[in-house]
1. In the list A:K114, A:K145, which residue meets the criterion of being outside any loop (DSSP other than H, G, I, E, B) and closer than 15 Å to A:L47 by Cβ?
2. If you check every pair at least six apart or on different chains, which have Cβ atoms under 8 Å apart with a residue in region B:16-44 that is in the same structural domain as B:N91 (by TED's automatic domain parsing) and under 14 Å from B:I73 (Cα atoms) first and a residue that is among the charged types (D, E, K, R) and open to solvent by less than 20 Å² (accessible area, probe 1.4 Å) second?
3. I want to confirm something. Restricting to region B:1-18 and keeping residues that are surrounded by 13 or more Cβ atoms within 10 Å (Cβ to Cβ) and within 14 Å of another protein chain (Cβ to nearest Cβ), which single residue is farthest from B:T89 (Cα to Cα)?
4. Quick test for you: out of A:A257, A:A251, pick the one residue that is under 19 Å from A:T23 (Cα atoms) and away from chain B (no Cβ under 14 Å).
5. Could you pull out every one of the strands (runs of 3 or more DSSP E) wholly within region A:1-64 that has 3 or more residues that are at negative phi, within 14 Å of another protein chain (Cβ to nearest Cβ) and under 15 Å from the mean Cα position of the chain (by Cα)?
6. Which of the residues spanning region B:105-127 are within 23 Å of B:S183 (Cβ to Cβ), buried (at least 18 other Cβ atoms within 10 Å of the Cβ) and over 9 Å from the mean Cα position of the chain (by Cα)?
7. Any idea which residue in region A:52-62 is farthest from A:L208 (Cα to Cα), counting only those that are surrounded by fewer than 22 Cβ atoms within 10 Å (Cβ to Cβ) and touching a strand residue (DSSP E or B) at 6+ places or on another chain (Cβ under 7 Å)?
8. Among the residues of region B:52-75, is there at least one that is in contact with a helix residue (DSSP H, G or I) (Cβ under 9 Å, 6 or more places away or on another chain), buried (at least 19 other Cβ atoms within 10 Å of the Cβ), within 14 Å of chain A (Cβ to nearest Cβ) and closer than 22 Å to A:F30 by Cα?
Amino acid sequence: MVNLNVNIGALKLKNPVTTASGTYAYGEEFSDFMDISKLGGIFVKGLTLHNREGNAYPRMAETASGMLNSVGLQNKGIDHFIAHIFPAIKNSGTQIIANVNGSTIEDYIAVSEKLNELRGMEAIELNISCPNVKEGGMAFGINPKSAREATEAVRKVYKKTLIVKLSPNVTHIDEMAKIVEDAGADAVSLVNTFLGMAIDAEARKPILSTITGGLSGPCIKPIALRMIWQVYNAIKVPVVGMGGIMNAKDAIEFILAGSSAIQVGTANFVDPAISVRIIEGIEEYCDRYGVKDVNDLTGSLKI
Amino acid sequence: MKLVRDFKVAGYKWLNESNFIIELQSAEDLPPIHPGNFAEIQVPGNPNVFLRRPFSIYDCDLTYNTLSFYVKIIGEGTATLGKLKQGDTVNLIFPLGNKFDTETEGPVLIIGGGSGIAPFLLLGKELKEKGIPMTFLVGGRTSGDVHLTDVFGQYGDILITTEDGSQGTKGMVTHHPVIQEESFPFKKIFTCGPDPMMKAIAEIAKQKSVECEASLENTMACGFGACLCCVVETTTGNRCVCTDGPVFNIKELAW
């Protein structure tokens with residue numbers, strides 16, 4: 001028997017496979033396709049203090065081996081989530097982790113305070129890296145000073161496991177990781193999407209209503225792996241890795257590069273049951289190589 | 001219950017060089033399929049086609065476990081779907097979306113623009129079963145866009161418009177006498193096609209105080225409510241075409 005249990009700070013996951021915020025809705029949407037209780041965790045769709053309608057259509061452009069999105073954090077706000085969505089999913093047999101967004105530090109604090117009181121949720125992912133909002137979001141995560149301030153402010157009010165989601169749209173992601181670690185993060189998750197753009201040459205127009213959007217999918221995987229390796233070697237807290245994972249082999253690569261847990265994102269759109277097969281694939285890999293504990297694989301890249 | 005399942009290509013019916021019907025067969029029984037439902041088809045064998053493609057279910061045969069899709073070639077995904085061989089495996093997520101509401105006294109007018117007729121065969125079958133008379137108004141830029149009138153003719157009267165006048169009445173569907181004339185015997189309109197056409201029809205339906213449902217098409221990443229990419233503005237905010245639609249009563253839409 002392989003041990004698949006992993007800890008991210010005080011957060012206990014039954015296995016290292018989770019689903020990425022914005023790609024798995026609130027989990028229930030996938031219950032026709034798979035047993036969601038098998039997951040290590042679900043990072044639910046990004047939450048904000050108030051209702052957000054998100055950006056105008058078109059919000060998506062397919063690209064070579066990937067896609068751009070500019071959804072813009074459409075959600076009904078934290079109070080609606082706590083009152084109506086969380087009660088329906090909190091007993092789904094897996095860890096539910098909120099993804100916290102804000103236009104200002106005060107927004108981040110207000111949402112985190114509410115989640116600190118929420119029984120049954122043991123961790124939040126502080127999203128300082130959303131590229132699709134006009135104010136806040138990625139602006140916090142690409143500036144060392146504001147990344148530190150946002151993390152410190154939330155750390156003061158949030159007592160459970162705090163995971164900070166990093167933007168890859170920076171020159172030195174390892175330095176950003178160190179900054180949020182020093183500011184009190186229990187873990188970091190990376191990478192969020194890369195800022196990109198798609199153009200319709202016939203119409204001579206951008207495809208997305210917002211002109212730019214976030215690039216995800218297997219096209220970003222090599223850059224994501226490189227960043228996870230850099231961050232893993234720069235900090236002591238656990239890394240939750242993501243960026244174009246399509247199958248168990250990809251997930252293993254992310255673990256070898258330094259991830260304690262991984263998030264399956266865009267792949268959920270193409271194959272809604274893939275995350276459960278990734279769990280099986282990781283277990284099979286461990287069996288094949290006589291690995292007794294999946295934690296032993298983290299960062300075990302032979303150099 | 002939404003399913004992810006492999007199908008085999010059972011055959012093609014080519015309507016012209018860029019329009020075809022592909023029939024896919026499942027080894028297992030199919031769940032109930034309703035008029036308006038769609039499927040997300042994974043296009044095999046083309047690495048440039050990363051995401052699935054949404055298509056209205058054109059026809060289904062529960063005896064042979066087949067689903068058929070009307071496809072117009074517009075890009076690499078649809079072109080690749082047209083080049084498969086009999087027996088090739090194609091993966092589907094289905095059935096997705098809501099359905100047309102056929103609770104009406106009738107008669108009804110069904111307006112399709114080009115490949116927008118795709119969801120109307122199943123609708124026609126259901127209406128015929130209920131004994132509701134229907135008239136199809138089919139529009140295209142040219143006669144090469146107007147297909148399957150023989151099939152639809154088995155369910156109701158067929159009216160045709162083409163913008164170049166090569167078939168039927170010259171002009172857009174909204175120019176057809178059946179819409180322009182003072183007397184309008186229809187109790188409900190169903191429409192599917194390009195957005196500008198459906199918006200014009202929605203306006204006419206409002207003027208005539210007739211119920212109207214439109215089946216919308218949007219770019220989707222998933223098709224089952226996870227990505228929030230395929231939104232349409234409604235009177236209650238942005239809603240997903242894949243799960244809240246694709247069929248909307250026009251009263252719900254912020255058109």
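The values are calculated or read from the model by the stated rules, or taken from the named source; none is laboratory data. Small disclaimer: the values here were computed from a predicted structure and weren't measured. Neighbour counts run over all protein chains shown; Cβ positions are idealised from the backbone, glycine included. Heads up: the accessible areas ignore ligands, DNA and RNA and are worked out on the full protein's heavy atoms, side chains in. Shrake-Rupley method; radii C 1.70, N 1.55, O 1.52, S 1.80 Å.
1. Of the residues listed, the single one that is outside any loop (DSSP other than H, G, I, E, B) and closer than 15 Å to A:L47 by Cβ is A:K114.
2. B:V43/B:R52
3. Taking the candidates together, the pick is B:K2.
4. The match here is A:A251.
5. Hits in region A:1-64: none.
6. B:V108, B:L109, B:I110, B:I111, B:L127
7. Only one residue fits best here, namely A:R52.
8. Checking region B:52-75: at least one residue is in contact with a helix residue (DSSP H, G or I) (Cβ under 9 Å, 6 or more places away or on another chain), buried (at least 19 other Cβ atoms within 10 Å of the Cβ), within 14 Å of chain A (Cβ to nearest Cβ) and closer than 22 Å to A:F30 by Cα.
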